[in-house]
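**Student:** My structure is below; once you've seen it, I'll send some questions.
Just so you know, all these numbers are worked out from the coordinates, no wet-lab data involved. Remember, it's a predicted structure, so these values are computed and weren't measured experimentally. Backbone-built Cβ (ideal geometry, glycine too); neighbour counts: all protein chains shown.
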Amino acid sequence: MRYAVPLLMMVILSSCGKTEYVIGIGEKIYHHGAEYSVNNLIITRFIRKGTDTLHARGMFYLVDFKVENKSRRNGIKWDNSIAFITDEKAGMFENSPEVQRFYDASVSFGWKESLLTMRGSSDSTWLAFDLPFNTTQPYLKVRAKTVAGDLFDGALFRRVRVKLH
């Protein structure tokens, strides 16, 4: 019994490494019943909706983001802040709801403020980011709630990033 606590601490500390894993578009990030993926990427300077045009301050990164619920019990509630983009200069960029709604008005992907993905199903949305011109090597990362099972893999989903360049 006296060795159980030190052994548990060693397992936890060894699984909490800072190694970052890079995956590509179409590959999945696994997190306790959920699979997150980027299925498509559009990089553009502007978005057109009829005669209206929205110009980026830098470059728009439009990301087709998908959540698959492989859980046997629970639905997954998520919203448009589920992912963000980082770059090699340690910049962090959030989804732009205004650009996202404008893009929805342009192509009609079914924008929703939040989604509930029931077990055995999947949902997707287009996330919209306006990145500066000097952004180098952008990666998409996922935010999710930490659960008890994350102790065993050191919250691996937090160290996986999707290559967007």
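**Student:** Return the FRET efficiency for the residue pair H165, R73: r is the Cβ-Cβ distance, R0 is 30 Å, and the value is rounded to the nearest 0.05.
**Tutor:** It comes to 0.20.
**Student:** Something else now. State the extension gain, in nm to one decimal, for the chain segment bounded by V107 and T53, taking 0.36 nm per residue of separation less the distance between their alpha-carbons.
**Tutor:** Additional length available on full extension: 18.1 nm.
**Student:** While we're looking at this one, here's another question. With label points built 7 Å along Cα→Cβ from the Cα atoms of S121 and T136, find their separation and express it in nm.
**Tutor:** According to this spin-label approximation, the distance is 4.5 nm.
**Student:** Reachable aspartates and glutamates from K163, Cα under 18 Å, same-chain residues fewer than 8 places away excluded?
**Tutor:** Of all the aspartates and glutamates, those that pass the test against K163 - Cα under 18 Å, at least 8 places apart if same chain - are E20, E27, E35, D64, D87, E88, E94, D130.
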